[in-house]
Each structure stands twice: as C-alpha cells, then as structure tokens.
1. Is the stretch 33-54 home to any residue that is in contact with a Lys or Arg (Cβ under 9 Å, 6 or more places away or on another chain) and free of Cβ contacts under 8 Å to residues at least 40 places away in the same chain?
2. Report, by residue number, each residue of the stretch 13-28 that is charged (D, E, K, R), surrounded by fewer than 10 Cβ atoms within 10 Å (Cβ to Cβ) and in a helix (DSSP H, G or I).
3. Please verify whether residue 8 is open to solvent by less than 90 Å² (accessible area, probe 1.4 Å) and under 24 Å from the mean Cα position of the chain (by Cα), treating the condition exactly as stated.
4. Which residues, taken from the stretch 29-63, are open to solvent by 70 Å² or more (accessible area, probe 1.4 Å) and among the β-branched types (Val, Ile, Thr)?
5. Under 8 Å by Cβ, and 6 or more places apart or on different chains, what pairs join a residue from the stretch 1-16 that is under 16 Å from residue 27 (Cβ atoms) and at pLDDT 90 or above with one that is outside any helix (DSSP H, G or I) and not acidic (Asp, Glu)?
Amino acid sequence: MTATQMNAEILRNMSIIAEDENLLKRAAKYLRKLVAEKQDTSLMTEDEFFAKIERAEKQPGKSFESVDELDKYIRSL
C-alpha cells in the first residue's frame, strides 16, 4: 500500500469517526500516543541497540581515582 493510499484510507475512516464524539476522543488519544512514541529518540530496534553496545565496547574506557575527579571531568564537558 502506498502512502497516498494509506492517507486516503485514514481520511475515509476519519470521516466515519468524526460523527461520534467518543470515537473522536479515543482516536485523538491514540494519535497523541503515536506522536509521543515517534518523538521519543530513546526508542530503537533491537539491532540498533546491540550495534550501539558494540560501538561502545570498542571505545577506550575512562576511569577516575575519586568522585571529585569524576565530577571535575563531567563539569568540563
């Protein structure tokens, strides 16, 4: 199904939903949820997650002798 066909289907369904206030409220709530998921940049696929871990494991580590040293480093970033 193309994007144009999906848009047409959504608009057809919305014209039916528009006649029922309760259905409109439910649809609006669900759409807000979808938008929030899309905007959440922490969401990633399983493959993306494991690729990120592999990249991190290849990077050299950094260690600190004390909390103060760690604090100083973080504040310098």
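1. Looking through the stretch 33-54, at least one residue is in contact with a Lys or Arg (Cβ under 9 Å, 6 or more places away or on another chain) and free of Cβ contacts under 8 Å to residues at least 40 places away in the same chain.
2. 21, the sole residue that qualifies.
3. Here the answer is no, as residue 8 does not meet what is asked.
4. Result: 35, 41, 45.
5. 9/1
The values are calculated or read from the model by the stated rules, or taken from the named source; none is laboratory data. Values in this document were obtained by computation on a predicted structure and should not be read as measured data. Cβ: placed from backbone, ideal geometry, glycine included. Neighbour counts: every protein chain shown. Keep in mind that these areas ignore ligands, DNA and RNA; they rest on the heavy atoms of the full protein, side chains included. Shrake-Rupley method; radii C 1.70, N 1.55, O 1.52, S 1.80 Å.
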